[in-house]
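I have placed the structure first, in the form of structure tokens, so that the comments after it can refer back to it.
Throughout, read-outs are computed from the coordinates displayed, never taken from laboratory work. Predicted model, so just to flag it, every value in this text is computed and none were measured. Neighbour counts are summed over all protein chains in view; Cβ atoms, including those assigned to glycine, are modelled from backbone coordinates with ideal geometry.
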Amino acid sequence: MHKTLIVTNDFPPRPGGIQAFLHNMALRLDPDRVVVYASTWKRGAEGAAATAAFDAAQPFPVVRDGATMLLPTPRVTRRATALLREHGCESVWFGAAAPLGLMGPALRRAGARRVVATTHGHEAGWAQLPGARGLLHRIGEGTDTVTYLGEYTRSRIAGALSAAAAARMVRLPPGVDEKTFHPGSGGDLIRARLGLTDRPVVVCVSRLVPRKGQDTLIRALPLILAEVPGTVLLIVGGGPYEGALRALAASSGVTDAVRFTGALPWGELPAHFGAGDVFAMPCRTRRGGLDVEGLGIVYLEASATGLPVVAGDSGGAPDAVLDGETGWVVRGGSATDAAERIVTLLRDPALARAMGERGRAWVEERWRWDLLADRLRGLL
Ligand code: GDP
């Protein structure tokens with residue numbers, strides 16, 4: 001039986017987007033054909049207990065290394081090749097290409113017939129740094145396929161690979177759970193709870209960091225309120241930028257029109273998307289391109305919920321929007337651009353609904369986990 005060894009530092013219970021991506025994919029492969037080799041999440045009894053409980057609940061074996069970070073050292077390479085042989089694996093999936101993908105040639109010599117290395121948002125940043133570029137090049141040479149999230153990350157990463165490796169790249173983005181995120185996900189209850197039942201709501205769901213553009217939305221609010229009085233900006237998520245955002249709301253005179261929920265448990269997210277009339281996150285690129293959006297999965301979660309989206313033009317965010325169909329891409333950082341599009345959508349519920357429906361259909365057609373897992377299975 002053809003089995004796959006997944007080698008990764010990014011596996012739950014460690015939280016995060018890449019971790020959720022790998023886990024969702026792994027769950028959709030045949031559990032009898034998957035073995036995961038992962039780093040230890042956290043040292044100490046609590047981390048060990050959480051990890052053991054998580055691992056025991058998986059339908060496939062998870063082998064933990066004692067290290068909290070796997071690096072392509074001789075020791076880790078020996079362990080990976082031993083696991084490959086012990087479980088009779090014929091293919092290898094590196095959950096993040098760099099740096100573990102450097103073990104590709106060794107695993108091939110040990111019997112792997114297919115080696116796939118997946119890239120995420122940050123490799124696009126690394127592709128600009130000379131040392132990391134060289135590593136990506138070697139990883140491209142030692143694997144069969146390097147996957148990418150979308151056109152933005154592909155164009156960056158391909159530049160670091162040989163022409164042959166670049167030509168072998170395949171798109172493999174994370175999917176969206178269309179059964180979790182759907183129209184009618186309980187937004188009315190959230191609105192009632194927050195006292196927003198009859199008010200226009202612009203919702204933004206994301207970590208609170210400058211790149212995401214919650215500050216741009218706050219700066220856009222006076223313009224929006226002048227056109228659509230009573231509008232509320234619902235900011236969902238937690239993060240280090242919260243204090244600055246609250247101060248900006250106060251100095252902009254819009255404190256009453258902004259609600260912060262803080263970070264929420266996963267189960268509360270769909271209803272909070274559903275509480276919005278419009279989803280907006282005008283993200284922007286910072287630090288000369290190193291702080292950039294990889295894909296912007298939240299736009300797809302909003303589309304799945306049936307909301308029109310207003311996205312920023314940072315990195316791969318536009319890959320998650322059909323501009324003019326599921327919403328609009330605006331210049332990140334421009335409060336006037338964001339306000340103009342948001343006002344148009346709040347004033348025209350028929351247009352908002354049509355864009356939301358197109359978004360929902362697009363997610364069902366193109367972004368379902370099952371479809372993307374089929375693609376991975378094909379590569380492996
Ligand atoms: P990234 O954080 O820059 O990787 O942004 P992404 O848009 O790629 O991923 C963010 C993910 O985290 C999306 O699935 C969001 O729905 C989710 N997310 C954002 N804020 C929260 C929150 O407060 N709670 C939970 N549970 N998830 C959140």
| said: Taking 56 Å as R0, compute the FRET efficiency from the Cβ-Cβ separation of residue 167 and residue 64 and round it to 0.05. | reply: 0.95
| note | Listed with the fewest Cβ neighbours within 10 Å leading, 206, 252, 303, 155 appear as 155, 252, 206, 303
| query | Going out from 0 in 10 Å bins, what whole percent of all Cα-Cα distances in the range 3-172 drops into each bin? | reply | 11, 40, 36, 12, 1
| request: Go through the range 77-87 residue by residue and turn each phi into a ³J(HN,Hα) via Karplus (6.51, -1.76, 1.60, θ = phi - 60°); whole Hz please, and just put x for glycine and proline. | output: 5, 4, 5, 5, 5, 5, 5, 4, 6, 4, 8
| field | Nearby aspartates and glutamates by direct alpha-carbon distance to residue 42 (threshold 19 angstrom, same-chain neighbours under 8 apart not counted) | value | 10, 55, 65
| Span from the the range 29-51 Cα centroid across to the the range 319-380 one, whole angstrom | 34 Å
| message | Can you tell me which aspartates and glutamates have their Cα less than 19 Å from the Cα of residue 179? Leave out same-chain residues fewer than eight positions away. | response | 188, 268, 301, 357, 364, 365, 370, 374
| request: Would you order 180, 4 from fewest to most other beta-carbon atoms within 10 Å of each residue's own beta-carbon? | output: 180, 4
| query | Between residue 54 and residue 194, what length comes free when the chain is fully extended (0.36 nm per residue of separation minus the Cα-Cα distance, one decimal in nm)? | reply | 47.0 nm
| note | When 40, 255 are ranked with the fewest other C-beta atoms within 10 Å first, the list becomes 255, 40
| task | Give me the distance in nm between label points sitting 7 Å out from Cα along the Cα-to-Cβ direction at residue 256 and residue 375, one decimal. | result | 4.8 nm
| field | Partner aspartates and glutamates for residue 212 [C-alpha distance under 15 Å; skip if fewer than 8 residues away on the same chain] | value | 242, 291, 293, 313
| log10 I(q)/I(0), Debye, Cα-only the range 232-380, no solvent, q = 0.08, 0.13, 0.15, 0.16 Å⁻¹? | -0.24, -0.64, -0.84, -0.96
| q = 0.09, 0.12, 0.13 Å⁻¹, the chain: log10 I(q)/I(0) [Debye, one scatterer per Cα] | -0.55, -0.93, -1.05
